Amino acid sequence: MAVVFRRPRLAAELAGRLLHPGVLDEGLRSGLFLSGLRRTGKTTFLLTDLVPELEAQGAVVIYVDLWSDIKVSPATLVYAAVRRMLTDLVTPASTPLARLRRLRGLDLGGLGFRFGFQLEQLGETGGATLAQALTEVVDQARGDVVLIVDEVQQAITTEEGQQLLLALKAARDAINPRP
C-alpha cells in the first residue's frame, strides 16, 4: 500500500501564485516548472494536490503525461488531452462544466460551451490552433486555463514535439496579455 505525503498548503500557495500573481510573481504566468530526482513525488503532487486545488479555485485544468505512451508523439498526446477537455466542456452534464457553473456562476442555459471550430480538427491543417482553442475556453469560462504537461522534456525529442512547444508558447502569448 502506497502512502501519499499530501502537501495541500504548498498546492494552495502555488495555485494562488499561478492564478492570482502578485507583482513579484508575474513571471509565473509563463509557467511553473517542477524538477527533481525521479520517483520523488512530483507527479503525485500534481495529481493529488495541485490539480484539485487549481480546480477548486476555478481554473480549467488540462493534464497530460508525455510518458503515458512513449510510442505516441508528444503533440498527439497534448492535442488529445485538450480535445478531451473541450469535449467535456461542450457536454452539458460533464463534471468540469458543473464545477465551472458552480464556481464561476456560468449560465449556459442547460447547454455546454460552443466553439467556433470543429474539435476533431484541433491542431490539424486548416483547423483551430491551440491558441485559438484555449483563448475561446478562457473567454467562455471567464477564467483561467492551466495546461500541465508532465515530462515535458519528451517534447524536444522529435520535430513534431518541438513544433508543439512553439504552439504552446503561441497559446501562452495569445492569452497572457489579456486581463
Before rounding to the nearest 500, sum -39500 (n - 2.57) across all DSSP H runs of length at least 4 in the chain and divide by the residue total; then give [θ] at 222 nm in deg cm²/dmol.
-13000 deg cm²/dmol
Over the alpha-carbon set of the chain, work out the extent along each principal axis and list the three values in angstrom, largest first.
44, 40, 39
Report the residue, chosen from Val90, Val146, Val78, that carries the largest GNM mean-square fluctuation when the chain is represented by alpha-carbon nodes joined by springs under 10 Å.
Val90
Any chance you could list the semi-axes, whole Å, largest first, of the equivalent ellipsoid that the Cα gyration tensor gives for the stretch 101-147, using √(5λ)?
22, 13, 7
Fraction of alpha-carbon pairs in the stretch 31-134 farther than 24 Å apart, rounded to whole percent, equals 34 percent
List the residues whose amide H sits under 5 Å from the amide H of Val146, counting only those 5 or more places along or on another chain, with H placed 1.01 Å from N in the peptide plane.
Val60, Val61, Ile62
Which Cα, out of Pro8, Leu119, Thr76, lies furthest along the positive dipole direction of the chain (beta carbon charges, K/R +1, D/E -1)?
Pro8
State the three equivalent ellipsoid semi-axes of the stretch 1-57, derived from the C-alpha gyration tensor as the square roots of 5 times its eigenvalues, in descending order and whole Å.
22, 14, 8
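All of the numbers you see were taken from the coordinates with simple rules; none came from a lab. Just so it is clear, the model here is predicted, and its values are computed rather than measured. Methodologically, a virtual Cβ is constructed for each residue, glycine included, from the backbone with ideal geometry; neighbour enumeration extends over all protein chains shown.
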